[in-house]
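One structure is given below, encoded as structure tokens.
The values are calculated or read from the model by the stated rules, or taken from the named source; none is laboratory data. Note that the coordinates shown come from a computational prediction; the quantities given were computed from them, not determined experimentally. Here the Cβ is made from the backbone with ideal geometry for all residues, glycine too, and neighbour counts use every protein chain on show.
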Amino acid sequence: DCNVIVVDWSGGSTQLYNRGAANTALVGREIALLTMHLMNRYRYTLRPADVHIIGFSFGAQVAGFFGRNFRMTTGTTIWRITALDPAGPLFNDTDVYVCKDDAAFVDVIHTSGGYGIGYPELGLLRPVGHVDFYPNGAKAQPGCSI
């Protein structure tokens, strides 16, 4: 058995890039609050060790904010974060990005590592998880027209 929560924050992520990047902290914090509420309500059936959050691009950064806020508020670490091609611009040169401190286990798949807006690749390139994978060197993926 498992429960899945899908967060649609397209209204906050599809605006200008810088606004979407700024919204990741708020969205991560709100998801952490929702999860804490659910854990209080279903105290014996939902535990931090059961939580696995998966996010792509901005969503990967949201996952980091989620884990960080959850830990700072509860003193407990969630089980796992899977960060799929975490967004790089506006996160790359800061101390605020998804990282291995955000969950007991953080795996990262880098598929479009780049250096900033204007480049075809916008993903965070440096290793940030417990394990980082770089398919095709984190550059354009074969068969992907994007």
Discussion item. If I go through the range 1-33 residue by residue, how many of them are without any contact (Cβ under 8 Å) to a residue 60 or more places away in the chain and exposed (fewer than 13 other Cβ atoms within 10 Å of the Cβ)?
Written reply: 13
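What do you reckon, is Asp50 at pLDDT below 95, over 30 Å from Leu125 (Cβ atoms) and surrounded by 12 or more Cβ atoms within 10 Å (Cβ to Cβ)? Spell out the reasoning first.
Details: at pLDDT below 95: yes; over 30 Å from Leu125 (Cβ atoms): yes; surrounded by 12 or more Cβ atoms within 10 Å (Cβ to Cβ): yes.
Against the criterion (at pLDDT below 95, over 30 Å from Leu125 (Cβ atoms) and surrounded by 12 or more Cβ atoms within 10 Å (Cβ to Cβ)), Asp50 qualifies.
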Practice prompt. Residues that are small (Gly, Ala, Ser) and in contact with a strand residue (DSSP E or B) (Cβ under 8 Å, 6 or more places away or on another chain): find the helices (runs of 4 or more DSSP H) completely inside the range 1-113 holding 3 or more of those.
Written response: 58-74
Worksheet item: Checking Thr45 against (1) under 16 Å from Glu121 (Cβ atoms); (2) free of Cβ contacts under 8 Å to residues at least 12 places away in the same chain, which test does it fail?
Response: (1)
Worksheet item: Is one or more of the residues making up the range 69-83 under 17 Å from Tyr134 (Cα atoms) and at pLDDT below 95?
Response: no
